Amino acid sequence: MKISGNTILVTGGGSGIGRALAQAWHAAGNTVIVTGRTLATLEETVAGRDGLHAMALDVTDAAAVASFAAEVTARFPALNVLVNNAGIMRFEDLRGTRDLADAEATVVTNLLAPIRLTDALVNHLAQQADAVIVNVTSGLAFVPLAAAPTYSATKAAMHSYTQSLRAQLTGQVDVIELAPPAVQTGLTPGQESREGYLPLDTYIAQVMDLFSQLPTPVEICVPNTLAFRHAERDGRFDALFAQLNGH
């Protein structure tokens, strides 16, 4: 992926990793569009930055995704990079019958929404030079957090889907997986300052260094992610799962 001169669409750009990535890519010399449900937070992301644009979108609304794809490609015909970053993480107690609203919302937001948006934009992207799709997964795709079972499962599914997408789009669109470790963001309550989590600015600096490599790795895994990514290969899955889940 070239580091500058792109037109990049980042979902979930109103906060956290999405906001920080959008601003870092903009600073590197790219036109960037951020989406999210709340226009006010998107406007905070783009404030004072020419070439960084806000467009509201609820990625869980299938009809809205289709109309948004038509609008964004009309406004930004040079769009060549899609970053599927929007996601939610809910803690769930599986030890009895429960309301499945959190699980269903997680599946729609984290799995079905990026599939829909990719589908809506893939024809356009395939016609662009230097086209890239970046799917944001998680270290928990490889070693799940038992307290967030559906979140972990959707990220594992996106890891698998990304591999298939990469194979099918070979020669047309580069497909990159970005798998964050535990980062200090607002993904869950209190996470912005949680001890042991990677500071957001440190994470973004590491990510931008990896994106700058030639060739760009197909999996962007910073050092804190690598233990999770290679846990199965290295025979450490059971130990890491027990450590992560307090067993």
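The values are calculated or read from the model by the stated rules, or taken from the named source; none is laboratory data. The model shown is predicted, which means the values in this text are computed figures rather than measured ones. Cβ coordinates were reconstructed from backbone atoms using ideal geometry, including for glycine residues, and neighbour counts include every protein chain displayed.
For the residues 226, 214, the requirement of being closer than 30 Å to residue 30 by Cα and over 20 Å from the mean Cα position of the chain (by Cα) singles out 214. Of all the residues in region 37-89, those that are closer than 14 Å to residue 13 by Cβ and of a type in the set (Asp, Glu) number 3.
Taking region 102-123, which residues are out of contact with any Lys or Arg (no Cβ under 9 Å at 6 or more places or on another chain) and over 30 Å from residue 3 (Cβ atoms)? Selection gives 104, 107, 108, 112. For region 72-82, a tally of residues being surrounded by 13 or more Cβ atoms within 10 Å (Cβ to Cβ) and either in a helix (DSSP H, G or I) or in contact with a Lys or Arg (Cβ under 7 Å, 6 or more places away or on another chain) (or both) returns 2. I'd like the full set of residues that are touching an Asp or Glu at 6+ places or on another chain (Cβ under 9 Å) and modelled with pLDDT of 95 or more, limited to region 172-199. Those that are touching an Asp or Glu at 6+ places or on another chain (Cβ under 9 Å) and modelled with pLDDT of 95 or more: 174, 176, 177, 178, 179.
Consider only pairs whose beta carbons are under 7 Å apart and that are at least six residues apart or on different chains; among these, list those whose first residue lies in region 136-155 and is among the charged types (D, E, K, R) and whose second residue is assigned to a loop (DSSP other than H, G, I, E, B). So the pair list comes out as 155/137; 155/138. Reported count of residues in region 235-247, each being assigned to a helix (DSSP H, G or I) and under 18 Å from residue 138 (Cβ atoms), is 5.
Quick one: which of 157, 148, 153 is over 21 Å from residue 3 (Cβ atoms) and in contact with a Phe, Trp or Tyr (Cβ under 7 Å, 6 or more places away or on another chain)?
Working: 157 fails: in contact with a Phe, Trp or Tyr (Cβ under 7 Å, 6 or more places away or on another chain); 153 fails: in contact with a Phe, Trp or Tyr (Cβ under 7 Å, 6 or more places away or on another chain).
So the residue among 157, 148, 153 that is over 21 Å from residue 3 (Cβ atoms) and in contact with a Phe, Trp or Tyr (Cβ under 7 Å, 6 or more places away or on another chain) is 148.
Residues in region 207-234 that are part of a helix (DSSP H, G or I) and crowded, with 19+ Cβ neighbours inside 10 Å: 5 in all.
Would you pick out the residues in region 76-87 that are farther than 14 Å from residue 112 by Cα and touching a residue at least 24 places away in the same chain (Cβ under 8 Å)? Within region 76-87, 76, 78, 79, 80, 81, 82, 83 qualify.
Matching residues to (1) among the basic types (Lys, Arg); (2) more than 22 Å from residue 18 (Cα to Cα); (3) in contact (Cβ under 8 Å) with a residue 40 or more places away in the chain:
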position: 191; (1), (2), (3): no, no, no
position: 213; (1), (2), (3): no, no, no
position: 220; (1), (2), (3): no, no, yes
position: 237; (1), (2), (3): no, yes, yes
